[in-house]
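As structure tokens, the structure follows; a few thoughts come after it.
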Amino acid sequence: MYQRIYVPVDDSATSALALAEACKLAKEVGATLRLAHVVDLAQFGWGGAEFLDAAELQGSIKQAGEQVLSANVAKVEAAGVVAEAKILESWGDRIASVIVEDANDWGADLMVMGTHGLGGLMHLLMGSVAEGVLKQADVPVLLLRNPGDD
């Protein structure tokens, strides 16, 4: 059965739903969770120094990501599940690729994540991290959609 469950997290209700499901499964099978949060630093990597301090802004983004990750780790620990956590940095890479690469490096045997279920034009414009993970993952992926996103 699954022993290493990988859970990409953010601060959305859909992510919280996926994390709760991952915790239930981890408790049932005695698995360890790895929570990962991706921060995209490339959007502020350009040299507009006269308008803003890009390094300071990137530091703030990383700090906010650490807070999101810490809050999610606290939920896992409160559920009595063993977890580790990692901030992942993207420098313009596809977020799904960053997630899948880290899951592979960690040796995940299952991934659990939320999907916002965007359709039509919004899906075309924004893409789907969950869809990208599903296409690239070498392990099973459990996707959860929040009915409140309808």
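The values are calculated or read from the model by the stated rules, or taken from the named source; none is laboratory data. Here the structure is a predicted model, which is why all the values come from computation and not from measurement. Glycine gets a Cβ as well: all are built from the backbone with ideal geometry, and neighbour counts include every protein chain shown. Areas reflect the complete protein model, heavy atoms only, side chains present, ligands, DNA and RNA absent. Shrake-Rupley method; radii C 1.70, N 1.55, O 1.52, S 1.80 Å.
Scan region 17-32 and report the pairs whose first residue is touching a residue at least 24 places away in the same chain (Cβ under 8 Å) and whose second residue is small (Gly, Ala, Ser), with Cβ atoms within less than 6 Å and a gap of 6+ or a chain change.
Sorted first by the residue in region 17-32, then by its partner, the pairs are LEU17/GLY114; ALA18/GLY114; CYS23/ALA79.
Between a residue in region 54-66 that is within 15 Å of ALA42 (Cβ to Cβ) and assigned to a helix (DSSP H, G or I) and any residue that is open to solvent by less than 80 Å² (accessible area, probe 1.4 Å) and at pLDDT 85 or above, which pairs come within a Cβ distance under 8 Å, given they are 6 or more apart or on different chains?
Once the first residue is within 15 Å of ALA42 (Cβ to Cβ) and assigned to a helix (DSSP H, G or I) and sits in region 54-66, its partners that are open to solvent by less than 80 Å² (accessible area, probe 1.4 Å) and at pLDDT 85 or above give ILE61/VAL39; LYS62/VAL39; LYS62/ILE87; LYS62/GLU89; GLY65/HIS37; GLY65/VAL38; GLY65/VAL39; GLY65/ILE87.
Taking into account only those residues within region 7-21 that are in a helix (DSSP H, G or I), among the hydrophobic types (A, V, I, L, M, F, W, C) and touching a Leu at 6+ places or on another chain (Cβ under 6 Å), which is farthest from ILE99 (Cα to Cα)?
Taking region 7-21 as the starting set, the residues that turn out to be in a helix (DSSP H, G or I) are 13-21.
Narrowing further to those that are among the hydrophobic types (A, V, I, L, M, F, W, C): 13, 16-20.
Subsequent filtering for residues that are touching a Leu at 6+ places or on another chain (Cβ under 6 Å) retains 17-18.
On the way: LEU17: 19, ALA18: 15 Å.
Among those residues, the one meeting the criterion is LEU17.
Taking region 114-141 as the region of interest, how many residues are over 21 Å from ASP40 (Cα atoms), at pLDDT 90 or above and open to solvent by less than 70 Å² (accessible area, probe 1.4 Å)?
Selection size over region 114-141: 3.
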